[in-house]
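Novice: Have a look at the structure that comes next, please.
The values are calculated or read from the model by the stated rules, or taken from the named source; none is laboratory data. On a predicted model such as this, the values are computed, not experimentally measured, just so you know. Cβ: placed from backbone, ideal geometry, glycine included. Neighbour counts: every protein chain shown. Each accessible area value is taken on the protein alone, full model and side chains, heavy atoms only, with ligands, DNA and RNA left out. Shrake-Rupley method; radii C 1.70, N 1.55, O 1.52, S 1.80 Å.
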Amino acid sequence: MLGPARRQRAITAVALLLALLGVLVALLDWREVQRVAAEASWQWSPLTLVFTAASYIFLSYSYALINRSFGIRLGRRELLAIGFVSSAMIASVGGLAGHSLRVLLMVRRGQAAGDIMAPSLFHSYLESLAFFALIPAGLVYLLLTQPLSHNVAVGVGAGTALLGGAFALTAVVFFWGPVRRVALRLVRTVCRLAARRDIGPSLEDFDATLRRGLGEVRNRPGLLALPLWLILADRLARVAVVWLCFEALGSDVGPAVAMTGFAIGVALGVMSLAPGGLGVQEGSMVGVFHLLGVPLEEAVLAALLFRVAYYSVPFGLSLAFYRGLLRRGRTAPA
């Protein structure tokens, strides 16, 4: 049974998806859709899966390296498998589900929950850093190449400022101890009032692990070099998947256009309440691509192909890994 919060999110996702489908049915020229699909160069499709695999490998390996630098001593192969399964969950369903899965799988291997969350959240922070770097470039390209209305320009600028503020706040909480301790006390109080449960010990473990990991990073800055490069390579591989989806459809779309639609579409999907940005991300990407001169039918098919290649296929594969990880795990002692 789904809890009330998950049920509400599922209903929201379905409603958004149905709304998107309704808009597409009303706007699309289905004869043009059939023509584009019939003339597509589907031999490009395997390449989308190759770059998708590369993206998840980069992401999983960076996750394993961050965990090792934070003192998690699981084997690298297990960390890679957990990183892949949880990353596929985060991409398709949302961050809360993915981080919860990491906790479940690693607690079964004798790791403390507080120790697990620190490297997981820090890895997500580094991911956000690499992703946030793409957004200004995409927005500048959009503003320089397209005459946007005042309201659209203000909305785009406000969204960027909101993401920048959230990113800056996260940086302060991570790297400034006094602020982090205040934030953790606030989380402890909220959980005690809302759930009637004291998570103080887990938060203390989290803070200790984060301090230890950040201390290692400060003493040996080179520890972050490879994870950062891997995360950047992951982002570039995702943009390549978007571009290859257009190539498969025979669309003449440049890498800058692919990056702009990807960055803005994913950003709006992350800010939405829909799991994995379902519906919101596709609608945003289609709107940006169409604004940049891509025919509507091609933009829609490319966005849907990207959803299948980058989200659905890895999520399906991750289920097989998940069963194996559960079988190999062991329940941690109380």
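Novice: Just the residues that are open to solvent by 30 Å² or more (accessible area, probe 1.4 Å) and under 21 Å from Phe306 (Cα atoms), please, taken from the range 222-232.
Specialist: Leu232 - this is the single residue of the range 222-232 that is open to solvent by 30 Å² or more (accessible area, probe 1.4 Å) and under 21 Å from Phe306 (Cα atoms).
Novice: Can I ask one more? For the range 287-305, which positions are outside any helix (DSSP H, G or I) and open to solvent by less than 20 Å² (accessible area, probe 1.4 Å)?
Specialist: Within the range 287-305, just Val294 meets the criteria.
Novice: Taking the options Glu78, Glu39, name whichever one is under 28 Å from Gly287 (Cα atoms), modelled with pLDDT of 55 or more, charged (D, E, K, R) and open to solvent by 30 Å² or more (accessible area, probe 1.4 Å).
Specialist: Within the list Glu78, Glu39, the selection yields Glu39.
Novice: Another question, if that's okay. Give me the pairs, please: first residue somewhere in the range 205-228 and farther than 16 Å from Ser62 by Cβ, second residue anywhere and of a type in the set (A, V, I, L, M) and open to solvent by less than 20 Å² (accessible area, probe 1.4 Å), beta-carbon distance under 7 Å, and either six or more positions apart or on two chains.
Specialist: Phe206/Ala118; Thr209/Ala118; Leu210/Ala118
Novice: Quick check: is even one residue across the range 322-331 at pLDDT 75 or above, touching a Leu at 6+ places or on another chain (Cβ under 6 Å) and under 30 Å from Gly110 (Cα atoms)?
Specialist: So far as the range 322-331 goes, yes, one or more of its residues are at pLDDT 75 or above, touching a Leu at 6+ places or on another chain (Cβ under 6 Å) and under 30 Å from Gly110 (Cα atoms).
Novice: Considering every residue within the range 11-34, establish whether at least one is farther than 19 Å from Leu319 by Cβ, among the charged types (D, E, K, R) and modelled with pLDDT under 55.
Specialist: yes
Novice: Considering each residue of the range 81-129, count those that are open to solvent by 30 Å² or more (accessible area, probe 1.4 Å), among the hydroxyl-bearing types (Ser, Thr, Tyr) and over 20 Å from Leu230 (Cα atoms), and give that number.
Specialist: Residues in the range 81-129 being open to solvent by 30 Å² or more (accessible area, probe 1.4 Å), among the hydroxyl-bearing types (Ser, Thr, Tyr) and over 20 Å from Leu230 (Cα atoms): 1 in total.
Novice: Any residue at all in the range 249-259 that's among the acidic types (Asp, Glu), outside any helix (DSSP H, G or I) and either at pLDDT below 80 or open to solvent by 30 Å² or more (accessible area, probe 1.4 Å) (or both)?
Specialist: For the range 249-259, residues among the acidic types (Asp, Glu), outside any helix (DSSP H, G or I) and either at pLDDT below 80 or open to solvent by 30 Å² or more (accessible area, probe 1.4 Å) (or both): present.
Novice: I need a count of the residues in the range 217-255 that are within 30 Å of Ala53 (Cβ to Cβ), over 19 Å from the mean Cα position of the chain (by Cα) and of a type in the set (D, E, K, R).
Specialist: 2
Novice: Also, quick follow-up: Considering only the range 182-204, how many residues are over 19 Å from Thr170 (Cα atoms) and in contact (Cβ under 8 Å) with a residue 24 or more places away in the chain?
Specialist: The total comes to 2.
Novice: Also: Residues to consider are Val152, Val107; find the one that is β-branched (Val, Ile, Thr), modelled with pLDDT under 80 and over 26 Å from Ala237 (Cα atoms).
Specialist: Val152
Novice: Please specify each residue of the range 46-75 satisfying the condition of being open to solvent by less than 20 Å² (accessible area, probe 1.4 Å) and part of a helix (DSSP H, G or I).
Specialist: Thr48, Thr52, Ser55, Tyr56, Leu59, Ser60, Ser62, Tyr63, Ala64, Ile66, Asn67, listed by residue number.
Novice: Looking for whichever is touching a Gly at 6+ places or on another chain (Cβ under 7 Å), of a type in the set (Phe, Trp, Tyr) and either modelled with pLDDT of 80 or more or assigned to a helix (DSSP H, G or I) (or both) here; the options are Phe174, Phe131, Phe122. Which one fits?
Specialist: Result of the check over Phe174, Phe131, Phe122: Phe122.
Novice: I'd like to know if the range 195-203 contains one or more residues that are assigned to a helix (DSSP H, G or I), open to solvent by 50 Å² or more (accessible area, probe 1.4 Å) and modelled with pLDDT of 75 or more.
Specialist: No: zero hits.
Novice: Taking the condition of being within 18 Å of Pro314 (Cα to Cα) and among the acidic types (Asp, Glu), how many residues in the range 229-267 meet it?
Specialist: Final tally of qualifying residues: 1.
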